[in-house]
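FYI, it's all coordinate maths here, none of it is from the lab. Small disclaimer: the values here were computed from a predicted structure and weren't measured. All Cβ positions, even for glycine, are placed from backbone atoms using ideal geometry, and neighbour counts span all protein chains on display.
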Amino acid sequence: MKPNRAKRTRLRSKARPKGPELSQEAIKDISEIVGHSFKDIALLTRAFTHPSALQPNDTGLSSNQRLEFLGDRVLGLVIAERLFTRRKTEREGALAPRLNRLVNKRACAQAARHLGLGKYVLMSSYEIAQGGQDRDTTLGDLCESVIAAIYLDSGLTMARAFIEKAFAPQLTAQPSRLKDPKSLLQEWAQAHGRPLPRYRILKRSGPDHAPSFVVEVSIGDDLTQSANETSKQNAERAAAQKLLSIVAPAENDL
């Protein structure tokens, strides 16, 4: 005898993989932070799902990787529109660098960090122990994914409102504040008669396709900070940014 329709539905439901979930408290907090109540909670959850949170057999589940692809394009449109509208006398050659300073992973990471979204990222316990929730790569992907999720859930107007809120410190920062943190740290050292920053790799781990670098930056013998990222260059920038936040907080508005 064939199972009835209700029984078949229950069987299919049991077979579906159940992935990571945000708690009700986290959903409430995130909604307040981003200024948007999601109609599609599954979409919100996917935006906060790091690839490491999924198991190899979770074939029916998705991380935020596809969302970040879309979010990057939405962010580019909103920032380009803002520059085009507000800087009416500037030529394309002047607008392009301004766009590039804000539409990149580092700027997105700063936006996510500004709102304190990193602690809600769903990822493996190993990644969390390695500081993954505060990595620029993780936060940059998260910011782009949230932008995409809001766009898909409620359209461009709401996505623009979130971008204006998340990027507020960077949108109002002086151009000099938008420099690479390594350059800013070097300028600070020179201005204060200190030795130039020195960078060294403390640890390299992980497979070739997914490496992890711990890099330390130091100025003299008394100022040091380190950061863990998926590339040597990103780790150097993240370490420089951390040291800047200590020695020159005003220069850290990136």
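Build a GNM of the chain with springs between Cα atoms under 10 Å: which of Ala112, Ala189, Ala129 gets the top mean-square fluctuation?
Highest fluctuation of the listed residues: Ala129.
Report D for the stretch 80-149 in µm² per second (integer): Stokes-Einstein, Kirkwood Rh on Cα pairs, 20 °C, 1.002 mPa s.
Numbers: Rh = 13.5 Å.
Translational diffusion coefficient: 159 µm²/s.
Is there a pair in Lys119/Lys203; Lys28/Lys232; Lys28/Lys242; Lys28/Lys182 whose C-alpha atoms are over 26 Å apart, and which pairs would that be? Spell out each step's value before the answer.
Details: Lys119/Lys203 24 Å; Lys28/Lys232 36 Å; Lys28/Lys242 30 Å; Lys28/Lys182 37 Å.
Check vs 26 Å cut-off fails for Lys28/Lys232; Lys28/Lys242; Lys28/Lys182.
Return an integer: the convex hull volume of the alpha-carbon atoms of the stretch 95-197, in Å³ per residue.
Details: hull volume 12.6 nm³, N = 103.
Spelled out: Cα convex hull of the stretch 95-197, divided by residues, is 122 Å³.
Starting from the Cα coordinates of the stretch 117-253, work out the convex hull volume and express it per residue in Å³.
Details: hull volume 17.3 nm³, N = 137.
Hull volume normalised by residue count: 126 Å³.
Quick one: which of 221-228, 45-52 comes out on top by average Cβ neighbours within 10 Å, and what's the full order, highest first?
Working: 221-228: 15.9, 45-52: 23.2.
In descending order of packing, they fall as 45-52, 221-228.
Taking 51 Å as R0, compute the FRET efficiency from the Cβ-Cβ separation of Ser125 and Lys88 and round it to 0.05. Don't skip to the answer; put the middle values down first.
Values: r = 51 Å, r/R0 = 1.00.
With a Förster radius of 51 Å, E is 0.50.
Rounded to whole Hz and in sequence order, give me ³J(HN,Hα) for the stretch 144-150 from the Karplus expression 6.51 cos²θ - 1.76 cosθ + 1.60, θ = phi - 60°, writing x for Gly and Pro.
4, 5, 5, 4, 5, 5, 5
Once Rh for the stretch 21-134 is found with the Kirkwood sum over Cα pairs, what is the Stokes-Einstein diffusion coefficient at 10 °C and 1.306 mPa s, in µm²/s?
Working: Rh = 16.1 Å.
The calculation lands on 99 µm²/s.
At 222 nm, what helix-only mean residue ellipticity would the chain give, in deg cm²/dmol to the nearest 500, using -39500 (n - 2.57) for each DSSP H run of four or more? Mind showing how you got there, number by number?
Numbers: 12 runs with 139 residues, N = 254.
That calculation yields -17000 deg cm²/dmol at 222 nm.
Considering amide H positions built from the backbone, and no H for Pro or chain starts, which residues 5 or more places from Leu202, or on another chain, come under 5 Å of its amide H?
HN-HN under 5 Å from Leu202: Val214, Val215, Glu216.
If you average 1/r over all unlike Cα pairs in the chain and invert the result, what Kirkwood radius do you get in angstrom?
For the chain, the Kirkwood estimate is 20.0 Å.
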